Amino acid sequence: MSDPANLDTDEFADALEDGSPDDRTFEVSPEELSIIRGELACSFPDDFNYLSDAYVLSVASKPYSKDPTIRRPLDYTMEKLSAVMEWRQEIGAPDMESLIELANGPDSAPDALEDPDRYTKAKAMASSLNYAAMYWHGVDKEGRPILWIRCNRMVSVVPCVCAIYHIYVQYLRYLNSSPQKQNLIF
């Protein structure tokens with residue numbers, strides 16, 4: 001890993017250029033947003049509200065990869081959003097906040113006693129947050145916080161991935177605005 005203090009800023013100049021084709025967006029009507037929201041609610045009834053309208057619109061309004069002159073079809077947008085939601089379910093993202101609460105509670109809590117495997121998972125994820133393997137430090141030129149991830153300090157990969165995801169979700173909540181480019185440094 002290179003030392004961030006010695007990086008040549010010209011090396012990343014292309015990442016800062018404005019006006020790339022990926023920045024172009026197309027109009028998404030309120031009716032189309034309602035259709036997408038309805039399909040997400042049917043497919044993911046317990047977790048569909050996780051995706052903000054701003055995020056759904058940012059996915060739906062992008063150019064179609066097969067023809068960048070038109071907007072993504074709604075079916076293609078639904079495929080993308082469904083993949084995100086399925087991934088969230090696979091890694092247990094909807095449950096992560098309650099895992100951290102469980103880990104920080106007493107060993108004698110009813111939830112800890114009823115499901116010792118879940119309690120063990122919760123403790124592993126919470127402890128991975130305490131190894132200084134990841135932390136917020138500094139901001140980029142546009143004032144966005146930077147999440148540093150120190151892979152060489154990770155004790156166990158799976159709890160760290162869960163912890164990284166939880167921190168990232170908290171970061172997105174902190175922004176409380178439309179999606180934008182993010183900074184993760186490994």
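Where does the charge balance sit around Q89 when Lys and Arg score +1, Asp and Glu -1, over other residues with C-beta under 12 Å from its C-beta? Walk me through the numbers on the way to the answer.
Working: positive: R88; negative: D46, D47, E86, E90, D95.
Once positives and negatives cancel, what remains is -4.
Per the Cauchy relation, a quarter of the hull surface: what is the mean projected area of the convex hull of the alpha carbons in the range 20-91, in nm²?
Approximately 5.0 nm², given one-decimal rounding.
Out of residues 5 or more away from R71 or on other chains, whose amide H comes under 5 Å of its own, with H placed 1.01 Å from N in the peptide plane?
Hits under the 5 Å cutoff: Y64.
At 7 Å along the Cα-to-beta-carbon direction for both D53 and K66, put a label point, then send me their distance in nm to one decimal.
3.1
So the label point goes 7 Å from the Cα of C42 along Cα→C-beta, right? Which residues of the range 73-104 then have their backbone N under 15 Å from it?
Inside the label zone: 74-76, 78-79, 82.
Any read-out appearing in this document is the output of simple, stated calculations on the displayed coordinates, not a laboratory observation. Keep in mind that what you see is a predicted model, and the values were worked out from it rather than measured. Cβ sites come from the backbone with ideal geometry, for glycine too, and all protein chains shown count toward neighbours.
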